[in-house]
1. Given (1) outside any helix (DSSP H, G or I); (2) more than 14 Å from chain A (Cβ to nearest Cβ), where does B:ASN325 come up short, assuming only one miss?
2. In the range B:108-116, is there at least one residue being within 11 Å of another protein chain (Cβ to nearest Cβ), more than 19 Å from the chain's Cα centre (by Cα), surrounded by fewer than 19 Cβ atoms within 10 Å (Cβ to Cβ) and aliphatic (A, V, I, L, M)?
3. Could you count how many residues in the range A:79-124 are among the acidic types (Asp, Glu) and farther than 28 Å from A:TRP297 by Cβ?
4. Within the range B:225-258, track down each residue that is in a loop (DSSP other than H, G, I, E, B), open to solvent by 40 Å² or more (accessible area, probe 1.4 Å) and in contact (Cβ under 8 Å) with a residue 60 or more places away in the chain.
5. I'm checking my understanding of the structure. Among residues of the range A:55-71 that are in contact (Cβ under 8 Å) with a residue 24 or more places away in the chain and open to solvent by 20 Å² or more (accessible area, probe 1.4 Å), which one is nearest to A:THR243 (Cα to Cα)?
6. Can you name the residue in the range A:102-133 that is modelled with pLDDT under 90 and facing chain B (nearest Cβ under 9 Å) and is also farthest from B:PHE244 (Cα to Cα) among such residues?
7. Given the structure, is B:TYR121 within 14 Å of chain A (Cβ to nearest Cβ) and either open to solvent by 80 Å² or more (accessible area, probe 1.4 Å) or in contact with a helix residue (DSSP H, G or I) (Cβ under 7 Å, 6 or more places away or on another chain) (or both)?
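The values are calculated or read from the model by the stated rules, or taken from the named source; none is laboratory data. This one's a predicted model, so the numbers in the text were calculated from it and none came from an experiment. Note that we place each Cβ from the backbone using ideal geometry, even for glycine, and neighbour counts take in every protein chain shown. Just so you know, the surface numbers come from the protein's heavy atoms only, side chains and all, with ligands and any DNA or RNA stripped out. Shrake-Rupley method; radii C 1.70, N 1.55, O 1.52, S 1.80 Å.
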Amino acid sequence: MKSHLSALAIAATLSVSALALSGTAQAGATFDGVKQKGYVQCGVNLGLYGFSSPDDKGKWSGLDVDMCRAVAAAMFGDAEKVKYTPLSAQQRLPALQSGEIDILARNTTRTLTRDTANGLNFAPTNYYDGQGFMVSAKLGLKSAKQLNGATVCVLPGTTTEQNVSDYFRANKMTFKPVVIEKNEELNKAFFAGRCDALTSDASQLAAIRAAEVQNPNDYVILPELISKEPLSPAVRQGDEEWTNLVTWVFYAMVQAEEKGLTSETVDGAMTSADPDVKRLLGVTAGNGKALGVEENWAFNIIKQVGNYAQSYERNVGAGSKLKMPRGQNALYTEGGLMYAPPMK
Amino acid sequence: MTNPVQALNSARVRGWLYQALFLACTLAVAWYLVSNTLTNLATRGVATGFGFLHREAGFEIGESLLSYTASDTYLKALAVGLLNTLAVSAAGVVLASVLGVLIGIARLSSNWMVNRFATLYVETVRNVPLLLQLVVWYTIMNRLPSPREALEILPGIFLSNRGMKFPVLVEHAGHGWVLLALVAGIAAAFAVVRHGRRRREATGKPFPTLPAAIAAVLLPPAVAFIATGAPLAFDVPALAGFNFEGGGSVTPEFTALLIGLSVYTAGFIAEIVRSGILAVPHGQTEAGLALGLSPGKILRLIILPQALRVIVPPLTSQYLNLTKNSSLAVAIGYPDLVSVSNTSANQTGQVVEAVAMMMLVYLIISLAISGFMNWYNRRVALVTR
């Protein structure tokens, strides 16, 4: 009994001193928790080709998966230190809120409600998307404005259900939704002709067409994008260090593209004379300390995961089945929206 | 009862004490769970409360018994979902009961074919997961031809992968009178049945109850229909744009869910009916035969009253199961309560509230069904002396 009591007393003293120190030395709970357990618990899509899908050996890949790998590379110097939690659209926010995952990289649209009432923080957008419509080429439609009276297949539990209602209301048209929770069943219903149109983020429509249609020309994605869908990784509110790290991990990938650093060339760039490159790669120290990680954090990201362009092309761009053009996801210097703030 | 120790030894007092202690513990646990949840939600900056119910929902619902648009509130959207759940459950209970009784009796048939077919049905349906069955029915619905190649199964009735479209009666002032006459006719039929029974009990003379009751139900509406000038105009569905316009329709989602739930539950009901009938000793039938009763009368007056006593309680739990299983609707796109609640929860982020409301609503539905069935059970139960 006595030993129990003294153990309790020691524990109490320790926690009091830990509390006293927390103002200065301790980072937020998530940051410390991740560091302590030695891996990043990452919430991903159940399977969305190009963003996060497992291969036949169970190895995950995709644009969102690269985000998780980059965070692990920055934190531990090893992009493999990630564990994945596949989540449905409806499970994803509660999973993050409850602490089941450390970061949600699951093609999630950044919205005001999620940022505020749902207790989340968003890292920079890693894919600018918009909601579109896919229809059978046989219908001969040229525009979404011709969809009056159509039946539309919708995936539930996302912003898409509201967007499509808003769009039809704004254009004084009507439609009948068919809302099916499981992706496979929804796609089957659409391809069987239960619906005239399938609506989702344009990238998802392209992914579905690439994965499930024999001849992709049988289906057309209509030109109108009816919403802005800035897909962004999310973290819980209340841990600035963790939010900062995830934020700047993404910027590091964009900055690497701006400076032309790839996983192949980054070794040679260590001797670069460019002060921006020296700071990014940790040759000039400071950035790593500010984020609470090793100085070579960005080097590890670029070496092991690649820059943003490499990740994009490999997963959703020319190197993938999706073949999505860079469009608004290009660097700002090429007319896109990708822009890394100064990393100094 | 004078001193507290004695009181403690009394079974009644102890009973109350334990009940009270148990209640207190339950309340304490509940209070802890609720307050812990609220604290955690607050520290994580998640909004709580039911204020969101009065905000604009902003999403459409595929089929609705109320007039609903995307500009209505979340509360109304949830009401639409609830009505859809009740509609498919009510139709399912009726259909499953009819099918279940038929199959249950068929299993007792002396005809080898009928008997084996019923056994095969029961064994198959009970052992394949319901979700799988629903997906199969839905796939079948989706395999129907597209609206432009719709099958016209009867004049004006079209079957396509958008569902069944059928003509509906165009409303007319006379229809109100016909409906009123029908209600009056049903009331008259009850009076006729009661009169017939009284007369039989008093005089022992049989009374043609069934024909008289049918006449009482059908005659007044027929008279009213002719008197108002026989208003019969139909709104016939016709192809327009993407789909049929006009007429009434049953969606593939509703149909698939209704068939799936009914076929599945009927397998269980059939077994309940069979065991209920078998529970009545064969001597009862023989006694009826000895009295010279017809087989129909033996079933109606002797077997069923005794069998019902065994059947009703397990039947209640099947009705409850069917209602709860209707929540699988979300897998095949029927907008039931769960589907609408999930959408609302995801758009507002208020998952705890949405789940709590769903739990409460299903609890109320279940209690209502079992309350009704218990009342019915007490009515049909044998009174033993």
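1. Of the numbered conditions (1) outside any helix (DSSP H, G or I); (2) more than 14 Å from chain A (Cβ to nearest Cβ), the odd one out for B:ASN325 is (1).
2. First, the residues of the range B:108-116 that are within 11 Å of another protein chain (Cβ to nearest Cβ): none.
No, every residue in the range B:108-116 fails to be within 11 Å of another protein chain (Cβ to nearest Cβ), more than 19 Å from the chain's Cα centre (by Cα), surrounded by fewer than 19 Cβ atoms within 10 Å (Cβ to Cβ) and aliphatic (A, V, I, L, M).
3. Final tally of qualifying residues: 0.
4. B:LEU232, B:ALA233, B:VAL236
5. Filtering the range A:55-71 down to residues in contact (Cβ under 8 Å) with a residue 24 or more places away in the chain leaves A:60-71.
Okay, now just the ones that are also open to solvent by 20 Å² or more (accessible area, probe 1.4 Å), so A:60-61, A:69.
Working: A:TRP60: 23, A:SER61: 23, A:ARG69: 16 Å.
Among them, the one singled out is A:ARG69.
6. So, considering only residues that are modelled with pLDDT under 90 and facing chain B (nearest Cβ under 9 Å), the one farthest from B:PHE244 (Cα to Cα) is A:GLY119.
7. Working: within 14 Å of chain A (Cβ to nearest Cβ): no; either open to solvent by 80 Å² or more (accessible area, probe 1.4 Å) or in contact with a helix residue (DSSP H, G or I) (Cβ under 7 Å, 6 or more places away or on another chain) (or both): yes.
Judged against the criteria, B:TYR121 is not a match.
For every residue, the table says whether it meets (1) among the basic types (Lys, Arg); (2) within 14 Å of chain A (Cβ to nearest Cβ); (3) assigned to a helix (DSSP H, G or I).
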site	(1), (2), (3)
B:LYS165	yes, yes, no
B:ALA181	no, no, yes
B:ALA191	no, no, yes
B:GLY196	no, no, yes
B:ARG199	yes, no, yes
B:ALA215	no, no, yes
